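Bear in mind that the values in this text are calculations on the coordinates, not laboratory data. Worth saying up front: this structure is predicted, and the values here are computed from it rather than measured. Note: ideal-geometry Cβ built from the backbone for every residue, glycine included; neighbour counts use all protein chains shown.
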Amino acid sequence: MDRGQLMAQIVGRGWAGAIGAAMAAGVLALWGCGGEKQEKASPDGKADGSNPSDRGGGARPTELGAMTIGFSQLGAEGDWRTAETDSIRGEAQRLGVSLKFADGQSRQEKQISDVKAFILQDVDAIILAPIVETGWEPVLRDAKRANIPVFLVDRGVDVSDESLYVTLIASDFVEEGRLAADWMAYELGGKANIAELQGTVGAAPAIDRKRGFAEEIAKHEGMKIIASQSGDFRRSVGKEVMEGILAAHADELDAVFAHNDDMAMGAIEAIARHGLEPGVDIVVVSIDGVRAAFEAMVAGTLNCTVECNPLLGPKVFDAIRRHATGEELPKWIRVEDQVFDQTTAADVIGSRRY
Ligand code: GYE
């Protein structure tokens, strides 16, 4: 599903039939490897180097069921991340992977020491959801030196040497920002004073969503971002920041763009407490597509959400398996997303999986 088709949906509101097709296209694009069969761990696969001591010359197991894999999750700031954690943990269990989980507690130093611990334990692969883009090079070099492949999920890193990780499995955040802007421009006829609630400072989705949104907004003379602050991807901070923005700009504000649904939920609370009607007096657009966002669209308080799929478990273990059997992977395995608004929310909410 390309941008043109998505835009045709947005503008033409031709949602109903398009959604099924979009989902099918998304699944195909995602897996991009039709016909491959999943390998099953054979009992004697366990002896295939799963224990570092019998790993002659650094050979690692090729079967997921024989692997020990470390997952460094950045924290638990909201609904999206809980869904991602559950997806990766659930899939590991299903596949018989021995998964070591570390919670970075929203601190990069903690995440770096978690990754170092995985290296010392000589895990067979590391899954990393990095909190911010920069500062990863030294620890990724350590992993490379130890011959441990690193798979990035959901957020990217800024490194000078791309061979420091195998692949990044993530959505196109710039495109998500553009789609949010396109929807808003269409809905408000190209005229709006906008407040932006940014994600965590330095995080790839915050940087890229901001850029994509600004790029599209710049095409409309009547659209202006009059306030832009970080709400750290958290509902409580989103609410607090929105209260401050309303205190200064309530009279002139037409719309809010929140970099995730959690912050949008906080903003909606703040708007209502300010005596305005969220979704009507102030249009609210966000990103993720979590259940609370669909409920809010059905209730009329959220206008639109651009999906960012967190169900990355099947994709990351498939990538690890393919890499282990010698397959060359693209540097970016792009997750396909869709746009949802109030015209479709009630029809779709029952089929949402997170
Ligand atoms: O959109 C947001 C979360 O990294 C893509 O992180 C992820 C983002 C997601 O806090 O809700």
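Round to a whole angstrom and tell me the spacing of the C-alpha centers of the range 167-233 and the range 325-354. Using only Cα atoms, the two centres lie 19 Å from each other. When a/c is below 1.5 the answer is rounded, else prolate if a/b is larger than b/c, else oblate, so apply that to the range 159-243 with a ≥ b ≥ c taken from the square roots of the Cα gyration tensor eigenvalues. Oblate shape, in that a/c is at least 1.5 and b/c is the bigger or equal ratio. Under a straight-distance cross-link criterion of Cα-Cα below 13 Å, which aspartates and glutamates are reachable from LYS239, leaving out those fewer than 8 residues away in the same chain? Candidates past the 8-residue exclusion: GLU196, ASP261, ASP262, GLU269.
In whole percents, the pair-distance distribution calculated for the range 223-354 from its alpha-carbon pairs, binned every 5 Å from zero, is 2, 10, 19, 18, 15, 11, 8, 6, 5, 3, 1, 0, 0. Of the residues ALA248, ALA204, TRP183, the one whose Cα sits farthest toward the positive end of the charge dipole of the range 137-274, with +1 on the Cβ of Lys and Arg and -1 on the Cβ of Asp and Glu, is ALA204. Cross-link partners among aspartates and glutamates for LYS331, C-alpha distance below 14 Å, same-chain residues fewer than 8 apart left out? LYS331 reaches ASP154, ASP158, ASP161, GLU162, ASP172. Taking the fewest neighbouring Cβ atoms within 10 Å as the starting point, the ordered list for ARG145, ARG322 is ARG145, ARG322. Listed by Cβ neighbour count within 10 Å, with the fewest neighbours leading, ASP262, ASP337, ASP122, ASP86 appear as ASP86, ASP122, ASP337, ASP262.
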